[in-house]
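One structure is given below, encoded as structure tokens.
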Amino acid sequence: MSREPLDQSRKLVTELPGPKAREMRERMETYVPKALSPSTPAFASRVEGGILEDVDGNRLIDLGAGIAVTTVGASHPKVVEAVKQQVEDFTHTCFMVTPYDSYTQLAQRLDELVPISGQTRSVLLNSGAEAVENAVKIARAYTGKQAIAAFDHAYHGRTTLTMGLTAKNMPYKDSFGPFASELYRVPGSYPFRDGLSGEEAAARTISSLESQIGANNLAAVIMEPIQGEGGFIVPAEGFLAKVVEWCKANDVLFIADEVQTGFVRTGTWFASETEGIEPDLITLAKGIANGMPLSAVTGRAEVMDAVHPGGLGGTYGGNPVAVAAGLAAIEVMEEENLTAKATRIGEIITDHFQQVQQDDPRVADIRGRGAMMAVELVDPETKAPLAELVNQIAVEARKQGVITLTAGTYGNVLRFLPPVVIGEDLLKEGLSVITDILAETRSDQSVSVDA
Ligand SMILES: *Cc1c(COP(=O)(O)O)cnc(C)c1O
């Protein structure tokens, strides 16, 4: 039985949070630690396309997709149907005990889709951080070396190993040390702030790798092709290609962390394609199964096979229900031509902020690709980050029914990760709500600008 589709329009019938949401938040604060602190002043009741309906009957525009996850919309009928069918057949066997063919089918789809030539193999896991941990294990087993290099502004997760790879202290690492050993951090490429060309930035990176680690100790370099939590930093043209070239020449593996950039998000299946690079290993999660917990490490067969039998796995990794959702989500991305749709979203967001930028120089950098776009807000004179302003805009936008995310090492980046199936008018309305709030802060700039 199909339900009434969820009206694709923003509508507030109460203030946010509404009375039911207030009551739920009160109970939440009793039973759930404040370490979680959800940002949206609403509790979800139904989500579809570009709209989230809350428990008070309000309809919010979703510009976050649960952090780049629900690319095809959070209740796409094809995904729902695939999940229902699988649940009726079986929910779990543990792949290491009794295999099922859908796991292999997904591994085969990944082999067809990822920008790695030749045979690949995939191991399926539960979360992005778990994928990164496994990529590190595989790289160490293959190379017989231990050191792993990550970049300034990197985000790779919150587990003990991945916290050590993540750059930003607050809120991800503060008070949680000590971190794992043999993890190193090197400078990357942040054109807006370092002003370096791709070639210059790569030379700086390689110099650090050689002088502070040494290729003979280095198992792998890991990088997000567009740095996500760090502020949607797109490296200068040619940077990644140069770093990958150095890795190949020095028997160092290159791991592309495409957990956020993967699965049509940036207008191609994977962001590595746009950079013209061929990673040895790719980590995948977020968009892979449209919200069912699933992740993967896909890599060159020779590298993946370096691990001894039984060396990888876990109870739930590649859970059949999540795999069914993944296979269905990939089908929808193909059928609905979502790479093109993501590119179009990038154009709309860029156009919108270029207009605003003409008379608001605080909108200093508009960057990203496809449906992964961000704007960095700074003091036009000093380039000082306007983190307080960004937070103020996000809080107010959410109250007005637009789910808005922030990012950046300095907290001064508004980021946009809508479900790729969002309607264009809805997207434009969401952006206008945000830039109207931005414009208002201009008229009372004296009170709103950071100290
Ligand atoms: C979100 C993210 C992770 C961590 O994924 P989880 O599923 O939250 O563990 C790792 N790397 C990147 C690039 C991410 O964006």
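The values are calculated or read from the model by the stated rules, or taken from the named source; none is laboratory data. Model, not experiment: these values are computed from the prediction. Using ideal geometry, Cβ is built from the backbone for each residue, glycine included, and neighbour counts are taken over all protein chains shown.
Computed quantities for the displayed model
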{"item": "Search result, residues across region 353-392 that are farther than 13 Å from A407 by Cα, β-branched (V, I, T) and crowded, with 16+ Cβ neighbours inside 10 Å", "result": "V356, V363, I366, V378"}
{"item": "Residue within region 231-246 that is part of a helix (DSSP H, G or I), without any contact (Cβ under 8 Å) to a residue 40 or more places away in the chain and basic (K, R) present", "result": "no"}
{"item": "Positions within region 265-287 being farther than 19 Å from H156 by Cα and either out of contact with any Lys or Arg (no Cβ under 8 Å at 6 or more places or on another chain) or within 12 Å of the ligand (Cβ to nearest atom) (or both), in sequence order", "result": "T268, W269, E273, E275, G276, I277, E278"}
{"item": "Complete set of residues in region 127-166 that are among the polar types (S, T, N, Q) and under 16 Å from V252 (Cα atoms)", "result": "T143, Q146"}
{"item": "Cross-chain or 6+ apart pairs with Cβ under 8 Å, region 3-24 first and farther than 18 Å from G50 by Cα, then crowded, with 17+ Cβ neighbours inside 10 Å and of a type in the set (V, I, T)", "result": "G18/V55; K20/V55; A21/V55; M24/V55"}
{"item": "Residue match in region 253-267 (condition: farther than 26 Å from S127 by Cβ and in the same structural domain as G314 (by TED's automatic domain parsing))", "result": "no"}
{"item": "Verdict on V243 being β-branched (V, I, T), more than 16 Å from the ligand (Cβ to nearest atom) and under 30 Å from A364 (Cβ atoms)", "result": "yes"}
{"item": "Among (1) without any contact (Cβ under 8 Å) to a residue 40 or more places away in the chain; (2) in contact with a Ser or Thr (Cβ under 6 Å, 6 or more places away or on another chain), the one test that M170 misses", "result": "(2)"}
{"item": "Every residue from region 373-396 that is within 20 Å of the chain's Cα centre (by Cα) and touching a residue at least 24 places away in the same chain (Cβ under 8 Å)", "result": "M373, A374, V375, E376, V390, A394"}
{"item": "Where N290 falls short, out of the listed (1) within 14 Å of the ligand (Cβ to nearest atom); (2) out of contact with any Gly (no Cβ under 7 Å at 6 or more places or on another chain); (3) at negative phi", "result": "(3)"}
{"item": "Enumerated strands (runs of 3 or more DSSP E) restricted to region 22-131, each holding at least 2 residues that are under 25 Å from L12 (Cβ atoms)", "result": "44-48, 51-54, 59-62"}
{"item": "Residue match in region 293-314 (condition: in a helix (DSSP H, G or I) and within 15 Å of the ligand (Cβ to nearest atom))", "result": "no"}
{"item": "Given (1) within 24 Å of the chain's Cα centre (by Cα); (2) surrounded by fewer than 18 Cβ atoms within 10 Å (Cβ to Cβ); (3) farther than 30 Å from A215 by Cα; (4) away from the ligand (no atom under 16 Å from the Cβ), index of the condition L106 fails", "result": "(2)"}
{"item": "Flag if A129 is under 10 Å from A220 (Cα atoms), within 16 Å of the ligand (Cβ to nearest atom), touching a residue at least 24 places away in the same chain (Cβ under 8 Å) and crowded, with 18+ Cβ neighbours inside 10 Å", "result": "no"}
{"item": "Residue within region 139-148 that is buried (at least 18 other Cβ atoms within 10 Å of the Cβ) and within 16 Å of the ligand (Cβ to nearest atom) present", "result": "yes"}
